[in-house]
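A.B. asks: Dropping the structure in here first, questions after.
Just so it is clear, none of the values below were taken in a lab; they were calculated from the coordinates. Remember, predicted model here, so these are calculated numbers, not experimental data. Cβ coordinates were reconstructed from backbone atoms using ideal geometry, including for glycine residues, and neighbour counts include every protein chain displayed.
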Amino acid sequence: MKIKISPSMLASDFANLEAELNKCKNAGAELIHLDVMDGHFVPNITIGAPVIKALKSVCDVPFDVHLMISEPLKYIEDFVDAGADIISFHIESESNPEETIDKIISCGCKAAIAVKPGTSIDTVYPFMDKLSMVLVMTVEPGFGGQSFMADMMPKIEKLRNRYPDVDIQVDGGINAETIKVCAKAGANVFVAGSAVFKSENPAETISLLKRNARGI
Ligand code: DX5
Ligand code: ZN
């Protein structure tokens with residue numbers, strides 16, 4: 001499986017977003033992770049479609065948009081118009097999963113389902129034929145900088161055994177050490193917020209993350 005690093009802009013300097021995006025691009029990031037929170041599905045509020053649209057106009061790295069919102073279906077068109085390349089929504093949200101996936105795909109975008117730590121991975125099985133990726137949360141969604149939950153690894157192993165070819169993304173507390181555990185379990189797409197943006201040398205950190213994910 002191709003290893004992909006998706007820096008989470010939540011940990012970036014919001015006063016210098018264009019420079020932060022360029023940093024990720026020059027450091028070899030395969031994706032840019034954008035965390036959308038509505039203050040309802042999760043306690044925090046972050047950015048919405050207008051900000052993502054502005055970022056898209058200055059960045060050609062594919063956008064991986066993580067919707068932590070109660071009614072994702074209502075806003076799919078907005079996020080596709082804003083430039084999302086892949087959209088993850090939560091299986092625990094209020095929208096009908098099948099309809100949400102169909103909407104994302106009919107708008108020309110790739111669809112992914114995200115699962116919170118307390119949610120069984122079996123909940124995604126009915127939708128796998130339409131999904132490009134599954135996002136296994138390794139923290140409770142809502143905030144950056146939390147500690148990695150190693151007890152999520154059996155979910156990844158189970159999913160990887162059943163679906164050898166799907167992209168499996170992990171999000172929350174990923175650093176040079178925890179990435180090894182996730183890769184061993186079968187994850188291949190890694191969100192990293194604090195690890196990349198709090199680093200003195202993000203380019204070096206991204207290459208270290210990739211080496212550790214490959215096990216070399
Ligand atoms: C948490 C977000 C994450 C967060 C990760 O709800 O989904 O993407 O930014 O941040 P770190 O890598 O710092 O745990
Ligand atoms: Zn996220």
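A.B. asks: With the structure loaded, tell me whether PRO7 is of a type outside the set (A, V, I, L, M), within 13 Å of ligand 1 (Cβ to nearest atom), touching a helix residue (DSSP H, G or I) at 6+ places or on another chain (Cβ under 6 Å) and within 20 Å of LYS116 (Cα to Cα) or whether it fails that test.
C.D. replies: Considered against the rule, which asks whether it is of a type outside the set (A, V, I, L, M), within 13 Å of ligand 1 (Cβ to nearest atom), touching a helix residue (DSSP H, G or I) at 6+ places or on another chain (Cβ under 6 Å) and within 20 Å of LYS116 (Cα to Cα), PRO7 comes out as yes.
A.B. asks: State whether the residues of region 102-111 include one that is within 14 Å of ligand 1 (Cβ to nearest atom) and either over 19 Å from MET37 (Cα atoms) or within 18 Å of the chain's Cα centre (by Cα) (or both).
C.D. replies: No.
A.B. asks: Only one of CYS59, CYS24 is away from ligand 1 (no atom under 16 Å from the Cβ), in contact (Cβ under 8 Å) with a residue 24 or more places away in the chain and either farther than 24 Å from VAL170 by Cβ or not in a strand (DSSP E or B) (or both). Can you tell me which?
C.D. replies: So the residue among CYS59, CYS24 that is away from ligand 1 (no atom under 16 Å from the Cβ), in contact (Cβ under 8 Å) with a residue 24 or more places away in the chain and either farther than 24 Å from VAL170 by Cβ or not in a strand (DSSP E or B) (or both) is CYS59.
A.B. asks: Restricting to region 35-58, what's the tally of residues that are under 16 Å from ASP85 (Cα atoms) and in contact with a Ser or Thr (Cβ under 8 Å, 6 or more places away or on another chain)?
C.D. replies: Applying the first criterion (under 16 Å from ASP85 (Cα atoms)) to region 35-58 yields 35-36, 48-58.
Now drop any that are not in contact with a Ser or Thr (Cβ under 8 Å, 6 or more places away or on another chain), which leaves 35-36.
Looking only at that region, the number is 2.
Let's see how each residue does on (1) within 11 Å of the chain's Cα centre (by Cα); (2) more than 16 Å from ligand 2 (Cβ to nearest atom):
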{"position": "LYS4", "(1), (2)": "yes, no"}
{"position": "SER8", "(1), (2)": "yes, no"}
{"position": "SER12", "(1), (2)": "no, no"}
{"position": "ASN16", "(1), (2)": "no, yes"}
{"position": "ALA19", "(1), (2)": "no, yes"}
{"position": "LYS25", "(1), (2)": "no, yes"}
{"position": "ALA29", "(1), (2)": "no, no"}
{"position": "ASP38", "(1), (2)": "no, no"}
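A.B. asks: A further question follows. Identify, by number, the condition in (1) at negative phi; (2) free of Cβ contacts under 8 Å to residues at least 40 places away in the same chain that MET9 doesn't meet.
C.D. replies: Condition not satisfied by MET9: (2).
A.B. asks: Any idea how many residues of region 40-87 are more than 18 Å from PHE14 (Cα to Cα), within 15 Å of ligand 2 (Cβ to nearest atom) and surrounded by fewer than 16 Cβ atoms within 10 Å (Cβ to Cβ)?
C.D. replies: Qualifying residue count for the region: 1.
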